[in-house]
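Engineer: After the structure tokens below, expect a handful of questions from me.
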Amino acid sequence: MTKLTPETRAGLKSRSRLVHAGRDVSEQHGFINMPAWRGSTVVFPTVEALKGRGARYTYGTKGTPSSEALEGAWSEISGAETTVLAPTGLAAITLALMTALAAGDHVLVSDSAYGPTRHFCDTVLRRFGVETQYYDPCVGADIGALMRSSTKAVLVEAPGSQSFEMQDVPAIAAVARARGACLIMDNTWATPLFFPPHERGVDLAIEAGTKYLSGHSDLLMGLVSANAAWAKRLRHTFDAFAMCAGPDDIFLALRGLRTMELRLREAERQGLALARWFAARPEVKGVLHPALPTHPGHAIWKRDFLGSSGLFSIILEPVSEKAVAAFLDGLELFGMGYSWGGFESLVIPFDCSTYRTATKWSPGGPALRFQVGLEDMGDLTADLERGFERLRAASVS
Ligand SMILES: *Cc1c(COP(=O)(O)O)cnc(C)c1O
């Protein structure tokens with residue numbers, strides 16, 4: 001076997017990249033996988049070397065072969081200049097915000113952003129003198145009307161957490177760039193495989209690797225990738241915080257990377273099948289899945305995304321809380337829990353009206369978010385069918 005030339009590597013399709021990125025068997029004694037490099041101290045042979053700073057590795061927080069392998073692989077599949085690894089997805093979000101903002105700045109955050117992102121903005125960023133303004137996720141190019149001279153960052157998330165609004169990222173990117181603001185995107189739902197963030201104008205892209213990169217609900221990880229304009233500042237901020245991912249999580253994430261596209265394509269197939277099944281149910285008022293033509297953001301999804309993943313929401317026809325609980329409590333294949341992207345199916349009830357400030361959330365019925373796993377679709381729908389029987393029984397009693 002010959003080492004991949006840079007030319008061959010550049011022409012590889014994403015599936016081949018995922019197999020080969022971040023691996024060099026000639027440096028691993030021929031073994032396929034890189035071991036987990038654990039380490040704090042790196043020793044230097046001479047004073048000269050210690051002071052010279054020419055060494056490839058100098059200390060655990062400054063990078064290891066493991067962290068460099070995953071960072072390099074992620075940059076390759078994201079079309080990024082650089083990537084840094086954080087211990088959680090939320091840590092990646094806070095790192096991106098701290099990279100772009102300083103005291104006195106104003107930041108525009110989508111009203112549909114991941115809840116803990118809002119919490120960080122409303123507490124820590126506020127304490128450090130950064131003002132957060134929430135905006136309607138469907139604002140598009142009109143974001144310009146909300147921008148001030150102090151607006152230094154805009155945060156988008158597409159589709160929105162729980163509520164699945166689609167954002168016109170290229171339009172917002174064009175306005176942000178013209179005004180000199182950093183465009184930050186939480187790209188966890190699509191991953192770079194289904195939404196190439198930097199090609200679409202995003203400066204700092206966040207991925208909760210906890211979800212599809214892991215794929216097995218057994219690790220926490222966050223990644224921030226940057227384009228050329230923001231790479232240096234991201235790296236400086238990362239070095240200052242030294243919020244590093246652990247070696248075993250990196251090892252597992254590299255393992256997950258190899259099958260990420262296969263799992264995502266299956267999640268897409270299963271997600272669409274389940275979404276369509278729900279759409280045909282009389283108990284269901286609406287399905288919030290951007291790849292369905294009935295979704296208000298479908299045209300944007302079709303234009304900008306290369307696929308959809310296995311997370312979506314439904315709105316039930318109005319029923320009592322008791323009936324919803326009867327539906328959920330008796331499910332045997334759907335676990336009730338946070339997070340997603342693993343092999344197992346999950347569901348959570350949610351209510352965005354408790355935290356939204358820029359837009360009104362009134363879907364007209366109870367809302368449920370589903371993550372579809374790898375189980376047989378017939379088994380999943382049979383479980384849900386029994387759930388709907390319980391829901392109907394509890395509604396009439
Ligand atoms: C889960 C999630 C995160 C946070 O990831 P953690 O690793 O759980 O901190 C961030 N953004 C989105 C959209 C998520 O779904």
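None of the figures in this text is laboratory data; all of them are computed from the coordinates on show. Owing to the predicted nature of the structure, the values given are computational and were not obtained by experimental measurement. Cβ sites come from the backbone with ideal geometry, for glycine too, and all protein chains shown count toward neighbours.
Engineer: Using amide H atoms built in the peptide plane, which far-off residues or other-chain residues are under 5 Å from Val284 H to H?
Structural biologist: Glu317
Engineer: Now, a different point. Kindly express, to the nearest 10 degrees and within the range 0 to 90, the angle between helix 169-178's C-alpha long axis and the longest C-alpha principal axis of the chain.
Structural biologist: 50 degrees
Engineer: Give me a comma-separated list of calculated 3J(HN,Hα) values for the range 58-74, in order, Karplus coefficients 6.51, -1.76, 1.60 applied at θ = phi - 60°, integers in Hz, x for any Gly or Pro.
Structural biologist: Rounded to whole hertz, the list is 10, 6, x, 6, 8, x, 10, x, 5, 5, 5, 5, 6, 4, x, 5, 5.
Engineer: How far apart, in nm, are two points set 7 Å out from the Cα along the Cα-to-Cβ line at Phe44 and at Glu131?
Structural biologist: That separation, rounded to one decimal, is 4.7 nm.
Engineer: If you take every DSSP beta bridge fully contained in the chain, what fraction is antiparallel? Give it as a percent rounded to 5.
Structural biologist: DSSP beta bridges in the chain are roughly 55 percent antiparallel.
Engineer: So, in nm, how far is label Arg148 from label Ala358 when the simple model puts each one 7 Å beyond its Cα toward the Cβ?
Structural biologist: 1.4 nm
Engineer: Report the full-extension gain for the segment Ala174 to His298: residue separation times 0.36 nm, less the Cα-Cα distance, to one decimal in nm.
Structural biologist: Length gained between Ala174 and His298: 42.6 nm.
Engineer: A follow-up question, please. Full extension from Val124 to Leu4: what is 0.36 nm times the residue separation minus their Cα-Cα distance, to one decimal in nm?
Structural biologist: Working it through step by step, the gained length comes to 38.6 nm.
Engineer: Round to the nearest 10 and give me the degree value, 0 to 90, for the angle of helix 89-100's Cα axis relative to the longest principal axis of the chain.
Structural biologist: 60 degrees
Engineer: Taking θ = phi - 60°, what integer Hz values does the Karplus form 6.51 cos²θ - 1.76 cosθ + 1.60 yield along the range 123-131, in sequence order, with x for Gly and Pro?
Structural biologist: After applying 6.51 cos²θ - 1.76 cosθ + 1.60, I find 10, 5, 4, 4, 4, 8, x, 9, 9 Hz.
Engineer: By the gyration tensor of its Cα atoms, with a ≥ b ≥ c the square roots of the eigenvalues, what is the shape of the range 6-257: rounded for a/c under 1.5, prolate for a/b over b/c, or oblate?
Structural biologist: Verdict is prolate for the range 6-257.
Engineer: Here's another thing I want to ask about it. Amide H to amide H, which residues 5 or more places from Tyr114 or on other chains are under 5 Å from it, using H placed in the peptide plane?
Structural biologist: Amide H neighbours of Tyr114, under 5 Å, 5+ apart: Ser161.
Engineer: Here's something else I'd like to know. Run through the range 34-93 and list the trypsin sites (Lys or Arg not before Pro) located in a DSSP loop whose Cβ has at most 13 other Cβ atoms within 10 Å.
Structural biologist: Arg38, Arg53, Arg56
Engineer: Lys360: which lysines have alpha carbons under 21 Å from its alpha carbon, excluding same-chain residues fewer than 8 sequence positions away?
Structural biologist: Lys285
Engineer: In whole angstrom, and with the biggest value first, how far do the Cα coordinates of the range 260-396 range along each principal axis?
Structural biologist: 44, 39, 26
Engineer: Using the Karplus equation 6.51 cos²θ - 1.76 cosθ + 1.60 (θ = phi - 60°), what ³J(HN,Hα) coupling, rounded to whole Hz, does each residue of the range 264-275 give in order, writing x for Gly and Pro?
Structural biologist: For the range 264-275, the Karplus curve yields 5, 5, 5, 4, 4, 4, 5, x, 5, 4, 5, 4 Hz.
Engineer: Once you list every other residue whose beta carbon is under 11 Å from the beta carbon of Arg179, what net charge do they have if Lys and Arg are +1 and Asp and Glu are -1?
Structural biologist: Within the 11 Å Cβ shell, the charges total +3.
Engineer: Enumerate by residue number the trypsin sites (Lys or Arg not before Pro) in the range 298-372 meeting two conditions: DSSP loop (anything except H, G, I, E, B), and at most 11 other Cβ atoms within 10 Å of the site's Cβ.
Structural biologist: Loop-located and lightly packed - Lys360.
Engineer: Using a ≥ b ≥ c from the Cα gyration tensor of the range 88-142 (square roots of the eigenvalues), is it rounded, prolate or oblate, where a/c under 1.5 gives rounded and otherwise the larger of a/b and b/c decides, a/b for prolate?
Structural biologist: oblate
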